[in-house]
1. Out of 76, 66, report the one residue that is without any contact (Cβ under 8 Å) to a residue 40 or more places away in the chain, open to solvent by less than 10 Å² (accessible area, probe 1.4 Å), under 15 Å from residue 320 (Cα atoms) and away from the ligand (no atom under 11 Å from the Cβ).
2. Kindly provide the set of residues from region 6-24 that are surrounded by 17 or more Cβ atoms within 10 Å (Cβ to Cβ), farther than 16 Å from residue 56 by Cα and in contact with a strand residue (DSSP E or B) (Cβ under 8 Å, 6 or more places away or on another chain), ordered by number.
3. Mind listing whichever residues of region 86-97 are under 18 Å from the mean Cα position of the chain (by Cα) and open to solvent by less than 10 Å² (accessible area, probe 1.4 Å)?
4. Which residue is nearest to the ligand (Cβ to nearest atom), if the candidates are limited to region 98-108 and must be open to solvent by less than 10 Å² (accessible area, probe 1.4 Å) and either hydrophobic (A, V, I, L, M, F, W, C) or free of Cβ contacts under 8 Å to residues at least 24 places away in the same chain (or both)?
5. Condition first: more than 30 Å from residue 258 (Cα to Cα), within 12 Å of the ligand (Cβ to nearest atom) and either without any contact (Cβ under 8 Å) to a residue 12 or more places away in the chain or not hydrophobic (A, V, I, L, M, F, W, C) (or both). Now tell me which residues in region 283-299 satisfy that.
6. Please work out if residue 3 is at pLDDT below 95 and surrounded by 15 or more Cβ atoms within 10 Å (Cβ to Cβ).
7. Residues to consider are 258, 310; find the one that is surrounded by 15 or more Cβ atoms within 10 Å (Cβ to Cβ), away from the ligand (no atom under 15 Å from the Cβ) and in a loop (DSSP other than H, G, I, E, B).
8. Applying the selection to region 156-202, what residues are of a type in the set (Lys, Arg) and closer than 26 Å to residue 223 by Cβ?
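The values are calculated or read from the model by the stated rules, or taken from the named source; none is laboratory data. Everything quoted here is computed from the prediction, not taken from an experiment. All Cβ positions, even for glycine, are placed from backbone atoms using ideal geometry, and neighbour counts span all protein chains on display. Note: areas computed on protein heavy atoms with side chains; ligands, DNA, RNA excluded. Shrake-Rupley method; radii C 1.70, N 1.55, O 1.52, S 1.80 Å.
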Amino acid sequence: MQSSPQSKAFLCRRYTPKVEAALRERFALDLNEDDTILPPAEIARRARGSALLFVSATEMVDKAVIAELAPALRVIATLSVGFDHIDLEAARQAGVKVLHTPEVLSDACAEVAMLLLLNACRRGFEADRMVRSGSWPGWAPTQLLGMGLVGKRLGIFGMGRIGRAIAVRARGFGLAIHYHNRTRVQQEEGAVYHETLESLLAHSDILMIAAPGTPSLRGVINARRLDALPEGAVVVNISRGDLIDDAALVQALRSGRLRGAGLDVFANEPDIHPDYRTLDNIFLTPHIGSATHETRDAMGWLLIHGVEALDRGETPDNLLC
Ligand code: DGY
């Protein structure tokens, strides 16, 4: 069945005004006006009878939600490239199509990756606090010394679209690119490939985690792997929080074995590991990788165009299943 202005659609989070207007023009839209994170049972209740369900990375669309909403449900569209919050197998079995938003957010995420990297290496949090708090005694030759980037090795774990966008920017800062990926990329542009994560870690002055959030990678950056990084290394995470063992990272930062970290993503957001808040050598941002006006509009349009392509019987590039 094709979508029409009569098709019921439920929007779980507030999208940008332009995208919401476009959704209203195309569907009979109901939405979660107050933009809270809806638990699965509430999604199932409020979206009952909907042909289209628009979500984001914060909504758990599990087997039970899909079972409740099928057979009316045709499409689940998530305003995220990550899809670890959706039970794809359950969707496949129920004949529900799933769309996500790859490509359009790679540049924005790479920008935040560099923001984290620079702040972690150059002590952005401490510097900002010193000025803001009035505790700056004035310039001093040894004040807030950080790690310079030129000639250092950036180890990118996950050389997909976002990883490659990060590499482009990092080269401009004089970093040598190393990477580990399931498959070797075609156009390496001088990057050094490591067949194992262990080898990458041993060669990373800065570790950039850009691998997708999948259950198989949960906890992959554990105490043993953090220990494999060179003394004084920096860790940056732009992927999903649960790839890191939080307690192990806190311990490595607290002991000074690692110089610093920059994190945009966390396990159990927004209830992050409390010790992160107590450390000075860490720069924290609240999952803002794709948060630009341009990108969030483009993500919304990608979903709308995906639904339109499905209506025409085509297979859009952003179809997951
Ligand atoms: C993504 O796209 O997966 C981001 O993490 C959230 O939008």
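1. It is 76.
2. 7, 8
3. none
4. 105
5. Correct list: 292, 295, 296.
6. Yes; evaluated as a whole, the condition is true for this residue.
7. After applying the criteria, what remains is 258.
8. If the condition is that a residue be of a type in the set (Lys, Arg) and closer than 26 Å to residue 223 by Cβ, then 182 is the only one that fits.
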